[in-house]
Amino acid sequence: MTHPVLARAEKLVRVGDIVGAEAALVSLVETEGDQALTLALDDFPAKDLLAVLRDFDSARESVVNLLVSPEQFARAIALERRYGDISHERLHGMINSVIFRAGADPGEFLAAIGELEGGNEVLADYLHERAENLEQFFRTGVFDFFSDGDDSGNDLSDEERLDALSDESSGGPFLSHSEVNDHDWMELAWTLRYQQPEIFREVLLILRARARADERQQATAERPAPQVPLQPTLGEGDEESAL
């Protein structure tokens, strides 16, 4: 820890004062400028940075969200699964507020996340509730289930279509960026597919594996328990067979 502000912020996180920790970090910007905080965050523990990021989103902005670098954000967000947040509400808020901030390159942030161990799992968590939309987008290039979309790949097998994701010679997006510019899951999925196709492929496969696991678990739960035959009991006066 090279800066006293970071030491103070870390202590405040440890006692649960996240607002105080964020204020301590912001004070560095006020005294030394934006670049000072960006550089200092390299020395701030990822778990503590995540604790600060989780308390702020686009509805409650923080200077930290506006200045964190792709690599710093990726190291922090890769730890999000430790919180066990089934709804992934905080995850959505953090990702949307950081990678779609003004002047940011979402593809750069997504690449940094995908490079880290567990990063693709986090992106799958983000898109978990949109798994069916992602499959539709993968097959047709659109998210609308009632649209025919791009039928140029209808003669391809699933494996061939997956391999074609990284084919630079394939046709351009069926949807333009302006059509998905929602600063939310559609824009993130579009960016993954057309700027980070390998990560898109891995996230899609993770979601498929999870769906299969859920189906097996559901089938096991619905399967009736095997009936155990009752053993006959000897009544009073009955004699056991000598055989």
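The values are calculated or read from the model by the stated rules, or taken from the named source; none is laboratory data. Just so we're clear, the structure is a prediction, and the values are computed from it rather than from any experiment. Here Cβ is always computed from backbone atoms with ideal geometry, including for glycine, and neighbour counts include all displayed protein chains. For the accessible areas, the whole protein counts, side chains as well, though only heavy atoms, and no ligand, DNA or RNA atoms are used. Shrake-Rupley method; radii C 1.70, N 1.55, O 1.52, S 1.80 Å.
Of the residues Phe174, Phe200, Phe137, Phe143, only one is open to solvent by 80 Å² or more (accessible area, probe 1.4 Å), out of contact with any strand residue (DSSP E or B) (no Cβ under 7 Å at 6 or more places or on another chain), of a type in the set (A, V, I, L, M, F, W, C) and modelled with pLDDT of 80 or more; which? One residue alone meets the criteria, Phe174.
Check the range 216-237 and report whether any residue there is at pLDDT below 95, under 30 Å from Ala104 (Cα atoms), outside any helix (DSSP H, G or I) and among the polar types (S, T, N, Q). Among the residues of the range 216-237, not one is at pLDDT below 95, under 30 Å from Ala104 (Cα atoms), outside any helix (DSSP H, G or I) and among the polar types (S, T, N, Q), which makes the answer no.
Taken together, Gly20, Gly93, Gly16, Gly114 contain a single residue that is surrounded by fewer than 19 Cβ atoms within 10 Å (Cβ to Cβ) and either outside any helix (DSSP H, G or I) or within 20 Å of the chain's Cα centre (by Cα) (or both), which is Gly16.
Scanning the range 1-13 for residues that are β-branched (Val, Ile, Thr) and open to solvent by less than 40 Å² (accessible area, probe 1.4 Å) yields a total of 2.
Only residues that are acidic (Asp, Glu) and either crowded, with 17+ Cβ neighbours inside 10 Å or touching a His at 6+ places or on another chain (Cβ under 8 Å) (or both) were counted across the range 32-53, and they come to 2. Remark: pairs (first residue in the range 171-187, free of Cβ contacts under 8 Å to residues at least 40 places away in the same chain; second residue open to solvent by 60 Å² or more (accessible area, probe 1.4 Å) and in a loop (DSSP other than H, G, I, E, B); Cβ separation under 8 Å; 6+ apart in sequence or on different chains) = Gly171/Ser152. From the list Ala102, Ala164, Ala78, which residue is within 26 Å of Leu37 (Cα to Cα), open to solvent by 20 Å² or more (accessible area, probe 1.4 Å) and at pLDDT below 95? Answer to the check: Ala102. Hey, can you tell me all the residues within the range 44-62 that are modelled with pLDDT of 95 or more and not basic (Lys, Arg)? Phe44, Pro45, Ala46, Asp48, Leu49, Leu50, Ala51, Val52, Leu53, listed by residue number. Considering only the range 146-161, how many residues are in a helix (DSSP H, G or I) and either over 30 Å from Arg81 (Cβ atoms) or at pLDDT 90 or above (or both)? Counting residues in the range 146-161 that are in a helix (DSSP H, G or I) and either over 30 Å from Arg81 (Cβ atoms) or at pLDDT 90 or above (or both) gives 1. Looking across the range 117-134 at every residue that is assigned to a helix (DSSP H, G or I) and open to solvent by 20 Å² or more (accessible area, probe 1.4 Å), the one that is farthest from Trp190 (Cα to Cα) is identified as Glu121.
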